[in-house]
Every structure is written in structure tokens, then in C-alpha cells.
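Single-structure report; data block below.
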Amino acid sequence: MWVFLATLSALCLGFYDVMKKLSVERNSVLGVLFLNTLFGALFMSPILIIGLSEGNYGLGNTLEGHGAILLKSFIVLGSWLLGYGSIKHLPLTIAGPVNASRPVLVLVGALLIFGERLNGWQWAGVMLGFWSLFFISRVGGKEGFSLKHSRWVWMAIGATTLGAVSALYDKYLLTRYEPLEVQAWYSFYQLLIMGAALGIIMKIHPSSTPLRWRWTIPLISVFLTVADIAYFYSLSIDGSMIAVVSMIRRGSVIVSFLYGVIALHEKNIRLKLIDLSILLTGLIFLVIGSLE
């Protein structure tokens, strides 16, 4: 079941990336991000309202619990700020594979922190993931997005690193708190943090790009909310492995990649298809290994 939930999460994340690309194109990144946190908090608000009406303040009714979720909110928001900025300027066929390298970092953390062990199929999948990352970095250089000269690539890498930290932290949180409770409270705290940050930033450095409403903006939150619910429940199931769940979720690159090819007509598609094939083979190996 946890493999199915991780796959559903991956599909939704693919559409989430497409909605982000459409929303931030020639638009205010900070404005779009704030609206995303607003809609995400609204979608999860019934859980908070029901709990508060019953005298349940959530997360064990402790400051420790809320402090832990507050920390997660800062981590995720940092990842989003970097990710939104990078996806605005990078082709989807480059941004997607860079983000797909997240399981490599998650794997290292899972081995060191949780003592997880992978079988032969899963190790083969991880090695193909490394190869895929190296390959796409070479292709990106052909389009002017090399590691040496593009800050957008480094922002994407930063977003991926913080995303890996968040994934490892989720495994810790979900051994202590209910998945929906974690999602609802971190969505609420993200809104507060983003609102305060946006107010400060706009006073210090007003944006030269106005915020334009697009219907793709609320769809960002719709797809992300469903993806997170499936993801949290996947991790909460006994026997789930954070390294494998994270790698399966990177299958979201298929959706964004196809959109970049079909709708945006991005370049060097043949080389990027080779890279995508390597990544997909790695994901298939991981799924086979998880079912043994």
C-alpha cells in the first residue's frame, strides 16, 4: 500500500510542478508563493477547526510538538522559495531531473540516521539515479545552465537539499504525530511565516513584477495537498522506507518533462529522453526491490 501511495504522490507532484511553472512565468514569485501557502492552509483548516472545537490543540498539546512543526515549516518554506525562483528561469526538462536527485541525499541520511538498508535492486536503482543526475548536468551546460555559471541551477540544488532534509525530518515527525495533524499545522505556520516575510520584503525591496491572478495558482495547492496526504500516509505505514518513498516520488519528473516537451517545445529533447530513461529504469528497480 505504501508503494501505491508514494506513486500517487509522485503523479500529483508532477502536475504541481507544471502548475508552478505556469503560475510564476512573468509573475511575482513571492506573490504566487504566498497565495499557495494561503490556499494550502485553507484546504487543511477544517482539521484544525474540528480539533480546536473539541479542545484539542494538536501535536500532543505541547510546545515541543508545535516547535517541531514550526521548524518543519521553515525548512519547507526555504525549499519552496529556492524552488519557485529556479523553476521560473529553468526549463522544466532541466529543473525536473535536478529535483529528482533528492533521493540520493535522502538515502545518505536514511542510512546514517534511521539505519535503513537497501537490497540489490534498490541499490541498482540508486546508482542509476546518480548517473541520471550527472547526465542531466552535462545536458544543462549545452543550454547555458551549467553549475559554473547559472545561479538558478544552484537555487534548484538548494531547494532539493532542503527538500531532502524535510523528507528525513518527516520520518521522525510521523513516528510521533498523526499525518493529517502534521500537514494541517505546518500549513498554518507556513502561512504565518510567509505572510510576515512577504510584508518585510515588500517594505525593504518592493517587487518590480506585479502579481497577476491565474487559475493555475490555486491548482498548485490542490495537487500539493493531495500529494502530501498520500506521502504522509505512505511514511506512516509500518515497513515503509523513506529512501524508497522519496525516490518513487521523483517519478513526478515524467509529468513535468512531458509538458516541457509537448507544450513548451524545450531543447535537446533526445539527450534528455536518454536521461529520463535512465531515471525511470532506476525507479522501476526501486519499486521491484521494495516488493521483495
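The values are calculated or read from the model by the stated rules, or taken from the named source; none is laboratory data. The shown structure was predicted, so the numbers you read here are calculated from the model rather than taken from an experiment. When we count neighbours, we look across all protein chains shown, and the Cβ atoms used for this are built from the backbone with ideal geometry, even at glycine. Quick note on the areas: whole protein, heavy atoms, side chains included, nothing else; ligands and nucleic acids left out. Shrake-Rupley method; radii C 1.70, N 1.55, O 1.52, S 1.80 Å.
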inquiry  = Any residue that is at pLDDT below 70, open to solvent by 50 Å² or more (accessible area, probe 1.4 Å) and assigned to a helix (DSSP H, G or I) - is there at least one of those in the range 141-149?
reply    = yes
ask   = What number of residues within the range 150-195 satisfy the criterion of being within 15 Å of Ile237 (Cα to Cα) and in a loop (DSSP other than H, G, I, E, B)?
value = 5
ask   = Pairs under 7 Å by beta carbon, first residue closer than 15 Å to Ala68 by Cα in the range 177-200, partner among the aromatic types (Phe, Trp, Tyr) and surrounded by fewer than 22 Cβ atoms within 10 Å (Cβ to Cβ), six or more apart or different chains?
value = Pro179/Phe232; Pro179/Tyr233; Val182/Phe232; Gln183/Phe232; Ile193/Phe74
ask   = Pick from the range 179-208 the residues that are small (Gly, Ala, Ser) and closer than 30 Å to Leu112 by Cα: which of them is surrounded by the fewest Cβ atoms within 10 Å (Cβ to Cβ)?
value = Ala184
inquiry  = Residue pairs, Cβ under 9 Å, 6 or more apart or interchain, first in the range 239-262 and in contact (Cβ under 8 Å) with a residue 40 or more places away in the chain and assigned to a helix (DSSP H, G or I), second of a type in the set (S, T, N, Q) and open to solvent by 40 Å² or more (accessible area, probe 1.4 Å). List them.
reply    = Ile248/Thr7; Arg249/Thr7; Gly251/Thr7
ask   = touching a helix residue (DSSP H, G or I) at 6+ places or on another chain (Cβ under 9 Å), more than 13 Å from Lys72 (Cα to Cα), open to solvent by 70 Å² or more (accessible area, probe 1.4 Å) and at pLDDT 85 or above: does that describe Arg176?
value = no
query = Of the residues Leu264, Leu279, Leu235, which is closer than 14 Å to Gly14 by Cβ, in contact with a Lys or Arg (Cβ under 9 Å, 6 or more places away or on another chain) and modelled with pLDDT under 80?
reply = Leu279
request  = Could you check how many residues of the range 40-77 are closer than 27 Å to Ala156 by Cβ and either open to solvent by 20 Å² or more (accessible area, probe 1.4 Å) or touching a Cys at 6+ places or on another chain (Cβ under 9 Å) (or both)?
outcome  = 5
request  = Kindly indicate which of Ile274, Ile237, Ile220, Ile248 is open to solvent by 50 Å² or more (accessible area, probe 1.4 Å) and within 29 Å of Pro179 (Cβ to Cβ).
outcome  = Ile237
query = Has the range 34-55 got any residue that is modelled with pLDDT under 90, more than 20 Å from the chain's Cα centre (by Cα) and assigned to a loop (DSSP other than H, G, I, E, B)?
reply = yes
query = Name the pairs: first residue in the range 213-228 and closer than 9 Å to Cys12 by Cβ, second residue open to solvent by 20 Å² or more (accessible area, probe 1.4 Å), Cβ to Cβ under 6 Å, at least 6 apart or on different chains?
reply = Phe223/Phe15; Thr225/Phe43
